[in-house]
Amino acid sequence: MTRTLVIIDIQNDYFAGGAHPLVGPDAAAANAARLLASHREDGQPVVHVQHVWDAPDAEFFAPGTHGVEIHPLVAPTGGEPVVVKAQPNAFLGTDLDARLREAGADADGVVIVGMMSSMCVDATVRAAADAGYSVTVAHDACAAPDLVFGEIVVPAAQVHASFMAALGDSYAEVVSTDELLAGS
C-alpha cells in the first residue's frame with residue numbers, strides 16, 4: 001500500500017520565538033519527522049504544504065521571513081514537492097489534488113500531519129475526504145493553540161482533542177504515529 005504523506009504548515013512561526021507559537025509544536029514535529037523518515041525510506045510519496053500570508057498586515061508567515069520557512073525537522077529534500085497555499089484548506093487555489101492523484105493517493109489514500117489542528121489540518125482533512133480520499137491523521141503529529149471563545153480560554157489540549165474527535169467521527173481514521181509506523 002502506498003499512502004502519500006501530506007505535511008501541513010510545520011513552519012518556524014509556530015515554534016517558540018516565532019510570531020504565532022502553538023502548544024506542543026516540538027513533539028508534533030518530531031512525530032511528523034518520524035513519519036517523513038519512514039516514507040522516505042520506503043520510497044512513498046511526500047507532499048509538503050507551506051502557508052504564505054502575503055498581506056501587508058500579515059501577523060505571521062510573512063514572505064521573506066524566517067517564520068514562513070518550513071521547520072528543519074521536516075524540510076523538503078530531493079525534489080519533494082511543496083504546495084504553497086494562502087488559505088486554511090490546502091486544496092483551495094492550489095495544485096494539491098493533482099499532485100496527490102499523480103502520486104497515486106486516490107487509490108491508497110493520504111496521511112495528514114501538521115499544524116494547526118483547529119484550522120489548516122481540519123480544513124484540509126475535510127476537503128480531502130470530500131474529494132474522495134481515504135484519510136488518516138496522525139494525531140500526535142499535529143499541534144494546536146489555546147483558543148478564546150468569548151471570555152472562555154480553551155486550552156490547546158482540549159482544542160486538539162475536540163478537532164481530532166470530530167475528524168475521527170466522519171472524515172478520517174485518527175491514529176498515533178506509533179500505530180502508523182507499526183502498520184507500515
> Taking the convex hull of the alpha carbon atoms in the chain, what volume per residue do you get, in Å³?
Replying inline: 116
> Are there GluC sites (Glu not before Pro) in the range 100-184 that DSSP puts in a loop and that have at most 10 other Cβ atoms within 10 Å, and which ones?
Replying inline: Glu151
> Rounded, prolate or oblate: which fits the range 88-159, taking a ≥ b ≥ c as square roots of the Cα gyration tensor eigenvalues, rounded meaning a/c under 1.5, else prolate when a/b beats b/c?
Replying inline: prolate
>> So for the range 7-149, averaging the separation of alpha carbon pairs under 8 Å that are six or more residues apart and normalising by length, what relative contact order in percent results?
In response: 30
> When the dipole is taken about the Cα centre of the range 1-67, and only Lys, Arg (+1) and Asp, Glu (-1) are charged at their Cβ, what size is it in debye, to the nearest 20?
Replying inline: 320
> Roughly how big is the chain's charge dipole about its Cα centre, with Cβ charges of +1 (Lys, Arg) and -1 (Asp, Glu), in debye to the nearest 20?
Replying inline: 220
> With a sphere of radius 13 Å drawn around the Cβ of Ser38, what net charge do the other residues whose Cβ falls strictly inside it have (Lys, Arg +1; Asp, Glu -1)?
Replying inline: -1
> Efficiency by 1/(1 + (r/R0)^6): what FRET value for Asp146 and Ala55, r their Cβ-Cβ distance, R0 = 22 Å, to the nearest 0.05?
Replying inline: 0.35
> How much net charge surrounds Val174 when only the other residues with a Cβ under 15 Å from the Cβ of Val174 are counted, with Lys and Arg +1 and Asp and Glu -1?
Replying inline: -4
>> Let me check I've understood the local charge: for His20, count other residues with C-beta under 13 angstrom from its C-beta, Lys and Arg +1, Asp and Glu -1. What total comes out?
In response: -4
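Since every read-out is calculated from the coordinates, none of them should be taken as a lab result. Small disclaimer: the values here were computed from a predicted structure and weren't measured. Note: ideal-geometry Cβ built from the backbone for every residue, glycine included; neighbour counts use all protein chains shown.
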